[in-house]
1. Sort out which residues of region 135-148 are without any contact (Cβ under 8 Å) to a residue 60 or more places away in the chain and within 13 Å of residue 211 (Cβ to Cβ), and write them in order of number.
2. Please determine whether any residue of region 64-71 is crowded, with 16+ Cβ neighbours inside 10 Å, in a helix (DSSP H, G or I) and modelled with pLDDT under 95.
3. Which numbered condition in (1) at pLDDT below 60; (2) assigned by TED's automatic domain parsing to the domain that holds residue 196; (3) of a type in the set (D, E, K, R) is the only one that residue 3 fails?
4. Here are some residues: 117, 136, 158. Which one is within 23 Å of residue 48 (Cβ to Cβ), hydrophobic (A, V, I, L, M, F, W, C) and either surrounded by 13 or more Cβ atoms within 10 Å (Cβ to Cβ) or at pLDDT 95 or above (or both)?
5. Is it true that some residue in region 100-113 is farther than 18 Å from residue 208 by Cβ and either in the same structural domain as residue 211 (by TED's automatic domain parsing) or assigned to a loop (DSSP other than H, G, I, E, B) (or both)?
Amino acid sequence: MKKITFMLFALMLVASCSTKKVAYFQDMKNGGIIEASLPKNITIKPGDKLAIHVNSKDEELVAPFNLRRSQESMGSKTDLSYTVDKDGNIDFPYLGSIPVKDKTRDDVAKYIKKELLDKKMVKDPTVIVDFTNMQLTVLGEVNKPGRYSIERDTYTILDAIGDAGDLTINGMRENIMVLREENGMQKSYIVNLNDAAQLYNSPVYYLQQNDVVYVEPNKQRAGQSTINGNTFRSTSFWMSLTSLILTVVTLITR
């Protein structure tokens, strides 16, 4: 009877350890509150591309500010993008060089609108600014690794993981690496999805364009690269586990 109890305890211990490694936000409880960092909108960097469109009741008046390109095959027109130069500026029609580095989309739209009004070029302008090349990369133990577009002003590491189809069972939740270019150098940050307080206050919780999110494989997954590795997904692992369960059941029913 002691052997049976020990075997059952061992099985429960294995299941418990697996759950602790897989579950997110383990320090969060029902009704719990964690003080998180304030949302950070994505800001513009050199090399980014911006689509800028100026609207007004008088379409002819704003036409010079809207660079358009005909798509003959589609029978329509699309806005051209402005590429931010190495100094963080764009060259806008009639307004000349505009500084946009470290500004948000909304900042740029307000700036252009103010300039048009101050120079009395347009009486009632509405300015829309969109990113056209904002992307980041998600690699490693996720279900859909790849390059993903950022389509909103705030984009978190949870958004990236969700877009990538969540982590696989073999992804290390406590060891997510984010690579970010800062001042011409690549810097790495580690994020722990099991710890909500650490996650929500991480400097990389809010991602930026060109970030790389890498999910490291756990030991079981890494062991699959060996020829005889007895891993979670290997046939030998499941045969051993099945044999153990059958042994326990046999001892109980005797």
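1. We begin by selecting, within region 135-148, every residue without any contact (Cβ under 8 Å) to a residue 60 or more places away in the chain; these are 143-148.
Answer for region 135-148, where residues must be without any contact (Cβ under 8 Å) to a residue 60 or more places away in the chain and within 13 Å of residue 211 (Cβ to Cβ): 147, 148.
2. Among the residues of region 64-71, at least one is crowded, with 16+ Cβ neighbours inside 10 Å, in a helix (DSSP H, G or I) and modelled with pLDDT under 95, which makes the answer yes.
3. Among (1) at pLDDT below 60; (2) assigned by TED's automatic domain parsing to the domain that holds residue 196; (3) of a type in the set (D, E, K, R), the lone unmet condition for residue 3 is (2).
4. Values: 117 fails: within 23 Å of residue 48 (Cβ to Cβ); 158 fails: within 23 Å of residue 48 (Cβ to Cβ).
None of the others qualify; the one that does is 136.
5. Just the residues of region 100-113 that are farther than 18 Å from residue 208 by Cβ, to begin with: 109-113.
Still in the list and also either in the same structural domain as residue 211 (by TED's automatic domain parsing) or assigned to a loop (DSSP other than H, G, I, E, B) (or both): none.
No, because not a single residue in region 100-113 is farther than 18 Å from residue 208 by Cβ and either in the same structural domain as residue 211 (by TED's automatic domain parsing) or assigned to a loop (DSSP other than H, G, I, E, B) (or both).
Matching residues to (1) acidic (Asp, Glu); (2) part of a loop (DSSP other than H, G, I, E, B); (3) assigned by TED's automatic domain parsing to the domain that holds residue 142:
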| residue | (1), (2), (3) |
| --- | --- |
| 173 | no, no, yes |
| 176 | no, no, yes |
| 181 | yes, no, yes |
| 189 | no, no, yes |
| 193 | no, yes, yes |
| 197 | no, no, yes |
| 203 | no, yes, yes |
| 208 | no, yes, yes |
| 213 | no, no, yes |
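The values are calculated or read from the model by the stated rules, or taken from the named source; none is laboratory data. Quick caveat: nothing in here was measured; it's all calculated off a predicted structure. Virtual Cβ from ideal backbone geometry, glycine too; neighbours counted across all protein chains shown.
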